[in-house]
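Notes for the one structure printed next.
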Amino acid sequence: MRKGSRRNDWTVAEEQFLIANAGKMPKRDICQMLKRSSASVKMKAAALRKKGVDVCLRHYRPTMEPCPSCGRPSATIDRTGMCEPCRRRDQLAGIHARIADLMPLLPPEERDLYERTEAKTESRADPLPAPPDTSGMTAYRRAHAEEAWAIAVEACVSGNLRREVKAAQKRKERIEKKTNQ
């Protein structure tokens, strides 16, 4: 400390703010909120770690953004503004609507056969990945692991929907073939 400078001790409230927000918000924002320098915040975090308090200043910036259609965080938003699962659900709804339009065109015996057999068949769905065990992780590592899990879940849901869409397209093609004969 320089001679003649005023000492600015940390208050309990400032320490609690640092502990609560370290890793959840960027260090720059923490410094602005506490009106302290970056070096001061770093030194206080190091002192708290020596005391056994889990404080990490690394902040994870998420790469996922919310889908305007469903509101879930997504890594696959395209130029239409929808995530892949939403696009697949819309595609599947369109195919089912087309099947519903074709059903009255089928002869009654064919319609009965369809309702007994094909309408009840479903595609095999892959199980969703298990959530990661984040106990003992820093806030940065926890956020990274949770985002990686969310991306894996989205990929799994997209794969399941893709399989459903293919099966529905095949059913629609078979019905179209029978109505054209």
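See the values below:
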| item | result |
| --- | --- |
| Residue match in the stretch 43-52 (condition: touching a strand residue (DSSP E or B) at 6+ places or on another chain (Cβ under 8 Å) and of a type in the set (G, A, S)) | yes |
| Filter pass, A143 being without any contact (Cβ under 8 Å) to a residue 24 or more places away in the chain and more than 16 Å from R124 (Cβ to Cβ) | no |
| Pairs, first at pLDDT below 85 in the stretch 104-115, second surrounded by fewer than 11 Cβ atoms within 10 Å (Cβ to Cβ) and part of a helix (DSSP H, G or I), C-beta under 9 Å, six or more apart | R111/P104 |
| Any hit, the stretch 138-159, residues being outside any helix (DSSP H, G or I), among the acidic types (D, E) and either closer than 30 Å to M25 by Cα or at pLDDT 90 or above (or both) | no |
| Filter pass, E118 being of a type in the set (D, E), at pLDDT below 90 and surrounded by 13 or more Cβ atoms within 10 Å (Cβ to Cβ) | yes |
| Long-range neighbours under 8 Å by Cβ, at least six apart or interchain, first residue farther than 21 Å from A143 by Cα within the stretch 9-31, second open to solvent by less than 40 Å² (accessible area, probe 1.4 Å) and charged (D, E, K, R) | W10/K44; E14/R36; E15/K44 |
| Qualifying residues in the stretch 125-181 (those that are of a type in the set (S, T, Y) and farther than 21 Å from R58 by Cα) - the one least open to solvent (accessible area, probe 1.4 Å) | S158 |
| Helices (runs of 4 or more DSSP H) lying entirely in the stretch 1-101 (those with 2 or more residues that are of a type in the set (F, W, Y) and either within 27 Å of Q169 (Cα to Cα) or open to solvent by less than 40 Å² (accessible area, probe 1.4 Å) (or both)) | none |
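The values are calculated or read from the model by the stated rules, or taken from the named source; none is laboratory data. Just so it is clear, the structure is predicted and the values come from calculations on it, not from any experiment. With ideal geometry, Cβ positions are generated from the backbone for all residues, glycine too; neighbour counts draw on all protein chains shown. What goes into the accessible areas is simple: the full protein's heavy atoms, side chains included, and nothing from ligands, DNA or RNA. Shrake-Rupley method; radii C 1.70, N 1.55, O 1.52, S 1.80 Å.
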